[in-house]
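First comes the structure, then the notes that go with it.
No lab work stands behind these numbers, since they all come straight from the coordinates. Fair warning: this is a prediction, and the values are worked out from it, not measured in the lab. Note that we place each Cβ from the backbone using ideal geometry, even for glycine, and neighbour counts take in every protein chain shown.
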Amino acid sequence: MRVAIGSDHAGFELKELVKPFLVAEHHEVVDVGTHSKDPVDYPDYAEAVGTALREHGAERGIMLCGSGVGASMAANRIPGIRAGLCHDTYSAHQGVEHDDMNVLVLGGRVVGIELARELIRAFLNARFTGEARHLGRLAKMTALENRPRGRRPRAPH
């Protein structure tokens with residue numbers, strides 16, 4: 001599988017440890033940066049991961065920042081990106097199986113390399129079930145990202 005990976009400076013060290021693991025697991029790695037510990041802004045790299053998925057053939061993405069929160073927020077603003085911040089294996093695979101998550105977000109200052117490997121393995125080995133209830137929810141999420149600004153939805157009954 002072709003996997004885009006990106007980080008800010010706070011996720012850089014974990015990103016560098018994750019790359020050889022991905023290669024050992026027979027994945028093609030597309031490293032979109034950053035390439036040092038010099039301070040950078042996580043939205044730039046979340047966008048680069050999203051662009052790799054949308055335009056350059058990566059099938060999944062992994063994004064790392066200090067806590068994972070900012071990177072998750074930034075990635076989820078990109079149309080077509082469904083990023084999930086995961087620090088447990090259940091969420092890492094269930095997010096794909098039920099929600100078609102395509103970007104795994106990790107906190108480089110929160111998880112160590114062993115847990116990161118487990119989370120990544122769970123994420124990359126999972127497949128979207130395509131069940132009707134999940135397709136319906138996915139359609140609603142797509143509608144949310146395409147809704148014109150300022151339009152208020154009606155509350156469900």
Answer in debye to the nearest 20: the dipole magnitude of the chain about its Cα centre, from +1 Lys/Arg and -1 Asp/Glu charges placed on Cβ, is 900 debye
Helix 12-24: angle to the longest alpha-carbon principal axis of the chain, degrees 0 to 90, nearest 10? 90 degrees
Where does helix 113-125 land angle-wise versus the long Cα axis of the chain, in degrees 0 to 90, nearest 10? 40 degrees
Quick one: what are the phi-derived ³J(HN,Hα) couplings along segment 134-147, Karplus 6.51/-1.76/1.60 with θ = phi - 60°, whole Hz, x for glycine and proline? 6, 4, x, 5, 5, 4, 5, 5, 4, 4, 4, 6, 9, 5
In terms of modelled amide H atoms, which long-range or inter-chain residues lie less than 5 Å from the amide H of Met101? Val96
Quick check: the distance between the Cα centres of segment 1-38 and segment 64-120, to the nearest angstrom? 14 Å
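Give me the net charge for the shell around Lys15: Cβ to Cβ below 10 angstrom, other residues only, Lys and Arg +1, Asp and Glu -1.
Taking every other residue near Lys15 into account, the sum is -3.
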Among Val30, Gly6, Ile81 - extreme Cα towards positive end, dipole of the chain, charges at beta-carbon: Ile81
Set of aspartates and glutamates near Lys37 by C-alpha distance (under 12 Å), chain-local residues within fewer than 8 positions excluded: Asp8, Glu13, Glu16
Options (i) 8, 14, 10, 11, 15, 12, 6, 7, 11, 5, 2, 0; (ii) 10, 30, 30, 21, 8, 1; (iii) 12, 41, 33, 12, 2, 0 for P(r) over Cα pairs in 10 Å bins from 0, in percent; the value derived from the coordinates is listed as (iii)
Two pseudo-spin positions, 7 Å from Cα along C-beta at Asp44 and at Arg133, lie apart in nanometres by 4.4 nm
With n ≥ 4 as the cut-off for DSSP H runs, can you work out [θ] at 222 nm for the chain, using -39500 (n - 2.57) per run divided by the number of residues, rounded to the nearest 500? -14500 deg cm²/dmol
